[in-house]
Amino acid sequence: MLNKFVTLSFIASLSIFLAACDKSDIEEAKKVTVSNEVKQVTSTNTSNTQRRWYSTAQVLRGKKVFKDNCAVCHGERAQGLVKDWQKPLPDGKYPAPPLNGTAHAWHHSKDLLLRTVNNGGIALGGTMPPFKDKLTQAEKEAVIAYVSSLWPDNIYDTWAKRNPPK
Ligand code: HEC
């Protein structure tokens with residue numbers, strides 16, 4: 001009898017666990033859908049430059065710089081190329097994260113973003129190469145303009161409040 005009870009409660013907790021899995025899968029799918037929408041709506045968003053730190057010309061220039069130098073790892077529209085950017089790859093290194101406002105890049109000030117572009121991540125144990133000598137200052141500014149042009153207004157505004165861009 002006791003055994004049966006234990007088995008039953010085990011099955012009960014297992015199904016709660018499985019139900020939780022299902023739910024998080026659905027949440028995950030929703031997130032992916034939302035980020036896909038973000039991607040499509042904002043693939044080259046130059047309509048918001050009046051209230052942002054960059055000009056339309058910078059976004060357009062940055063788009064090209066990004067395509068030529070960054071897209072190979074970060075994805076054509078900075079959406080990332082892996083399902084879960086927080087999960088290490090088999091070699092223990094982290095994949096290139098999305099930069100389109102769905103991951104973490106928007107937590108960093110413009111200065112810090114520039115520093116990442118300059119120095120890459122190799123010195124910190126990562127795999128991103130440095131662009132210090134590969135891009136001009138204007139190209140670096142432009143590529144950050146492009147990346148931040150992908151952020152929806154609510155993300156941009158939170159970012160700008162935290163680190164007023166210079
Ligand atoms: C060879 C692949 C590769 C290329 C090319 C590359 N990156 Fe990265 N990037 C990464 C990886 C991997 C990371 C995570 C840190 C690390 O491992 O170095 C990263 C991190 C970043 C971050 C920090 C994101 C965060 O959430 O903190 C920024 C910003 C960034 N890259 C921008 C760029 C830009 C802009 C370019 C092009 C000028 C570029 N990257 C080119 C692989 C790359």
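Only the coordinates and a few stated rules stand behind these numbers; no lab work does. This one's a predicted model, so the numbers in the text were calculated from it and none came from an experiment. Cβ atoms come from the backbone with ideal geometry, glycine included; neighbour counts cover every protein chain shown.
Things worth noting here:
- For the range 61-68, putting each phi into the Karplus relation 6.51 cos²θ - 1.76 cosθ + 1.60 with θ = phi - 60° gives couplings of 5, x, 4, 5, 4, 5, 4, 6 Hz, in residue order, rounded to whole numbers and with x for Gly and Pro.
- A full extension of the chain between LEU112 and ASN154 corresponds to an added length of 13.1 nm, given 0.36 nm per residue minus the alpha carbon distance.
- Where a label projected 7 Å from the Cα of TRP53 along Cα→Cβ would reach, residues of the range 92-111 with amide N under 11 Å: 108-111
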